[in-house]
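Notes to accompany the following structure.
The values are calculated or read from the model by the stated rules, or taken from the named source; none is laboratory data. Because the structure is predicted, anything quoted here is derived from the model rather than measured. Note that we place each Cβ from the backbone using ideal geometry, even for glycine, and neighbour counts take in every protein chain shown.
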Amino acid sequence: MNVDLYERIWMWGVGLMLTLFFGSTAAAAFGHQIHPPSHVETIDPKTALGDPRFRPQGVSVDAQGRVHARVVGLMFLWLPSEMTVPADTPITFHLTSADVTHGFEIVRTNGQAMVVPGYISQFTTRFPHPGDYLIACNEYCGVGHHTMAAKLHVVPRGQWQAPTTATSPREQGHDH
Ligand code: CUA
């Protein structure tokens with residue numbers, strides 16, 4: 001079979017590029033443990049607000065000292081609407097929706113995940129730069145979509161105070 005020189009060059013070029021693309025994906029997945037920001041954990045959207053996996057909502061520290069942030073999205077709010085986390089610390093976000101699909105985006109960071117009713121989205125990230133970040137909804141969810149926002153305060157590690165009680169004082173008043 002006679003293959004033209006130009007064609008040969010393109011074939012080798014394409015082969016090389018595909019090797020690079022698949023290789024970099026494999027290196028990210030197996031070498032750097034970078035995976036899609038979700039895992040298959042289900043939840044009943046109707047009871048998501050009271051689900052023990054989302055109590056307390058907001059920031060907490062587990063027995064191993066890891067920081068978690070639990071957020072429920074619903075038309076047209078993120079609960080809680082304000083959180084404070086330490087800079088330069090891995091924060092694991094647990095997200096779910098009580099109604100429709102929302103998009104959790106911590107603007108100007110790599111913290112982002114789709115929030116699908118019936119599932120718990122999870123990702124871990126760290127924030128090197130202290131400051132106030134906007135959490136927006138980037139998935140159209142209804143007439144109030146553009147108002148669906150929350151605040152994330154990232155404070156220097158030394159200034160951050162871990163929440164001490166299992167339930168924050170603000171939530172104790174209206175437990176159903
Ligand atoms: Cu929630 Cu858009």
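Some points to look at:
- Meets criteria (more than 16 Å from the ligand (Cβ to nearest atom), modelled with pLDDT of 95 or more and surrounded by 16 or more Cβ atoms within 10 Å (Cβ to Cβ)) for Ala98: no
- Checklist (1) surrounded by fewer than 17 Cβ atoms within 10 Å (Cβ to Cβ); (2) within 28 Å of His32 (Cβ to Cβ); (3) more than 16 Å from the ligand (Cβ to nearest atom); (4) not basic (Lys, Arg) applied to Ala87, failing item: (1)
- When the test is whether a residue is assigned to a loop (DSSP other than H, G, I, E, B), touching a helix residue (DSSP H, G or I) at 6+ places or on another chain (Cβ under 6 Å) and of a type outside the set (Lys, Arg), Pro117 passes it.
- Test: residue in region 95-104 that is touching a residue at least 40 places away in the same chain (Cβ under 8 Å) and under 24 Å from Gly158 (Cβ atoms): no
- When region 130-150 is limited to residues that are assigned to a strand (DSSP E or B) and more than 16 Å from the chain's Cα centre (by Cα), the one that is nearest to the ligand (Cβ to nearest atom) turns out to be Asp132.
- Only a single criterion out of (1) in contact with a helix residue (DSSP H, G or I) (Cβ under 8 Å, 6 or more places away or on another chain); (2) part of a loop (DSSP other than H, G, I, E, B) is not satisfied by Gln33, namely (1).
Here's the yes/no breakdown for (1) surrounded by 16 or more Cβ atoms within 10 Å (Cβ to Cβ); (2) touching a residue at least 24 places away in the same chain (Cβ under 8 Å); (3) touching a strand residue (DSSP E or B) at 6+ places or on another chain (Cβ under 9 Å):
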| residue | (1), (2), (3) |
| --- | --- |
| Asn2 | no, no, no |
| Glu7 | no, no, no |
| Ala26 | no, no, no |
| Glu41 | no, yes, yes |
| Ser60 | yes, yes, yes |
| Ala69 | yes, yes, yes |
| Met83 | yes, yes, yes |
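- Spans of strands (runs of 3 or more DSSP E) in region 42-82 with at least 2 residues more than 16 Å from the ligand (Cβ to nearest atom) and assigned by TED's automatic domain parsing to the domain that holds Tyr119: 58-61, 67-74
- Gly118 meets each of the listed conditions (1) out of contact with any Gly (no Cβ under 8 Å at 6 or more places or on another chain); (2) away from the ligand (no atom under 16 Å from the Cβ); (3) in contact (Cβ under 8 Å) with a residue 24 or more places away in the chain apart from (2).
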